[in-house]
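*Asks:* To start, I am sharing the structure in question, which I have written as structure tokens.
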Amino acid sequence: MAKVADGQPTERRKVDHIRINLEENVQFPHLTTGLEHYRFMHQALPELDINEIDTSVVLFGKRLKTPILISSMTGGTDMARQINRNLAEAAQQHGIAMGLGSQRAAIEHPELVHTYAVRDVAPDILLFANVGVVQLNYGYGVEQMRRAVDMVGADALILHFNPLQEAVQPEGDGNWKDLLPKIKTVCQQVGVPVIAKEVGWGFSEQAARQLAEAGVSAIDVAGSGGTSWSEVEYHRAPTAFHARVAACFADWGIPTADSIQYVRKAAPHLPIIASGGLRDGIDIAKCIALGASVGGLAGPMLKAAAQSSEAVSELIRELDRQVRVAMFAAAAPDIRALQRTELIRV
């Protein structure tokens, strides 16, 4: 489908993405997060009061009550507006962080800004704006990045990396040359911390080192094992040819557990956000023990947000309790101790 000036294909694509994620099986067929290969050493004598365990963590100067991020999902449609508000209300209630979906639609069509606006229901949360990094090769610069931040009152900017998704989209943006100098300029001039985020295929050690040198303030690994966006694109492919190309990459990527360790080795000074296939609080705790600061979930949050803010709140309560119990049973009194807890490779 060709891009046209009225923006309708972009909005239709957003609606398709939401619908497909809610209705179709878009998980990696075989490739996993790798987290199943790790176990905590159970401590039968933790010497802790579970009610005194400190699950809080500071990220970009804001304290989160628990190390959970609602990962970036959507925006740009009326359907997305209610989803974002349900997510934000729950994030405010529980003191966690939230990323917004790609804001390109609102940058190019200001009448869609309201679909991303959540500060009125979540004035205190750590909130991330979001723009695709490849747009820096398609006319975007610091001005557009600042606009994304300002329109939602964000604390930081996500630059999302989705080369494989763009490559299998008929309408995708395929020019990824010479992006590093442009990323460096954005990091220097946008005025807020910049987070490099994959969308489900993970960062290698090489990519993490390059991004750290360019000046990003954190890396969200978004590894494989959760939603496969090549599978999403398979379901919305306009022809059998495009469907077959997308289907071939269903199991491409770097497992989340591996990507965390690659990034930690390449950029030990940077905060790591772990996402990509996390499903419960034990997954979050494992990621923190591997080197992350917080864990992000998208798919489970989307399904809850399609119901209500109360459903999102209940999911967050479950995740928080699961993190706390995991820390208790591993004898980790706080997040710093959890980051020093060795996992057993199985």
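Bear in mind these aren't lab numbers, they're just calculated from the coordinates by the rules spelled out. What you see is a predicted model; the values in this text were computed from it and never measured. Backbone-built Cβ (ideal geometry, glycine too); neighbour counts: all protein chains shown.
*Asks:* So which of 139, 153 is free of Cβ contacts under 8 Å to residues at least 40 places away in the same chain, within 20 Å of the chain's Cα centre (by Cα) and farther than 27 Å from residue 321 by Cα?
*Replies:* Numbers: 139 fails: within 20 Å of the chain's Cα centre (by Cα).
On inspection, the qualifying residue turns out to be 153.
*Asks:* With 308, 293, 313 as the choices, which residue is polar (S, T, N, Q) and under 25 Å from residue 261 (Cβ atoms)? Give the steps one after another, and end with the answer.
*Replies:* Numbers: 308 fails: under 25 Å from residue 261 (Cβ atoms); 313 fails: under 25 Å from residue 261 (Cβ atoms).
Checking each option against the conditions leaves just 293.
*Asks:* Scan segment 156-196 for residues that are under 20 Å from residue 115 (Cβ atoms) and free of Cβ contacts under 8 Å to residues at least 40 places away in the same chain and jot them down.
*Replies:* Scanning segment 156-196 gives a single hit, 157.
*Asks:* Would segment 153-162 turn up any residue that is surrounded by 14 or more Cβ atoms within 10 Å (Cβ to Cβ) and under 22 Å from residue 244 (Cα atoms)?
*Replies:* Residues of segment 153-162 that are surrounded by 14 or more Cβ atoms within 10 Å (Cβ to Cβ), as a first pass: 153-162.
Next, from what is left, pick out any that are under 22 Å from residue 244 (Cα atoms): 162.
Taking every residue of segment 153-162 in turn, at least one turns out to be surrounded by 14 or more Cβ atoms within 10 Å (Cβ to Cβ) and under 22 Å from residue 244 (Cα atoms).
Yes or no, residue by residue, for (1) surrounded by 20 or more Cβ atoms within 10 Å (Cβ to Cβ); (2) part of a loop (DSSP other than H, G, I, E, B):
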{"residue": "145", "(1), (2)": "yes, no"}
{"residue": "166", "(1), (2)": "no, no"}
{"residue": "173", "(1), (2)": "no, yes"}
{"residue": "181", "(1), (2)": "no, no"}
{"residue": "195", "(1), (2)": "yes, no"}
{"residue": "208", "(1), (2)": "yes, no"}
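*Asks:* Give 87, 112 a once-over and let me know the one that is part of a helix (DSSP H, G or I) and either touching a Gly at 6+ places or on another chain (Cβ under 6 Å) or hydroxyl-bearing (Ser, Thr, Tyr) (or both). Before you say what the answer is, go through the steps one by one.
*Replies:* On the way: 87 fails: either touching a Gly at 6+ places or on another chain (Cβ under 6 Å) or hydroxyl-bearing (Ser, Thr, Tyr) (or both).
The conditions single out 112.
Table: residues versus (1) within 30 Å of residue 290 (Cβ to Cβ); (2) aromatic (Phe, Trp, Tyr).
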{"site": "189", "(1), (2)": "no, no"}
{"site": "195", "(1), (2)": "yes, no"}
{"site": "202", "(1), (2)": "yes, no"}
{"site": "211", "(1), (2)": "yes, no"}
{"site": "241", "(1), (2)": "no, yes"}
{"site": "252", "(1), (2)": "yes, yes"}
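*Asks:* Please enumerate the residues belonging to segment 134-143 that are polar (S, T, N, Q) and crowded, with 18+ Cβ neighbours inside 10 Å.
*Replies:* If we filter segment 134-143 for residues that are polar (S, T, N, Q), which is where we start, we get 135, 137.
Of everything in segment 134-143, just one residue is polar (S, T, N, Q) and crowded, with 18+ Cβ neighbours inside 10 Å, namely 135.
*Asks:* Let me ask something else about it. Looking at segment 281-339, which of the residues that are part of a helix (DSSP H, G or I) and acidic (Asp, Glu) is farthest from residue 84 (Cα to Cα)? Full working, then the answer.
*Replies:* Of the residues in segment 281-339, the ones part of a helix (DSSP H, G or I) are 281-290, 299-305, 309-329, 335-339.
Restricting the remaining residues to those that are acidic (Asp, Glu) gives 283, 310, 314, 318, 320.
Working: 283: 24, 310: 13, 314: 16, 318: 20, 320: 20 Å.
That would be 283.
*Asks:* Just a yes or no: is a residue in segment 247-265 under 26 Å from residue 171 (Cα atoms) and either of a type in the set (S, T, N, Q) or part of a helix (DSSP H, G or I) (or both)?
*Replies:* In the first step, residues of segment 247-265 are kept if they are under 26 Å from residue 171 (Cα atoms); the result is 247-254.
Checking the rest, the ones that are also either of a type in the set (S, T, N, Q) or part of a helix (DSSP H, G or I) (or both) come to 247.
Scanning segment 247-265, I find at least one residue that is under 26 Å from residue 171 (Cα atoms) and either of a type in the set (S, T, N, Q) or part of a helix (DSSP H, G or I) (or both), so the answer is yes.
*Asks:* Of 244, 264, which residue is of a type outside the set (Gly, Ala, Ser), surrounded by fewer than 20 Cβ atoms within 10 Å (Cβ to Cβ), free of Cβ contacts under 8 Å to residues at least 40 places away in the same chain and closer than 22 Å to residue 40 by Cα? Give the derivation first.
*Replies:* Values: 244 fails: closer than 22 Å to residue 40 by Cα.
Selected residue: 264, the only one of 244, 264 that is of a type outside the set (Gly, Ala, Ser), surrounded by fewer than 20 Cβ atoms within 10 Å (Cβ to Cβ), free of Cβ contacts under 8 Å to residues at least 40 places away in the same chain and closer than 22 Å to residue 40 by Cα.
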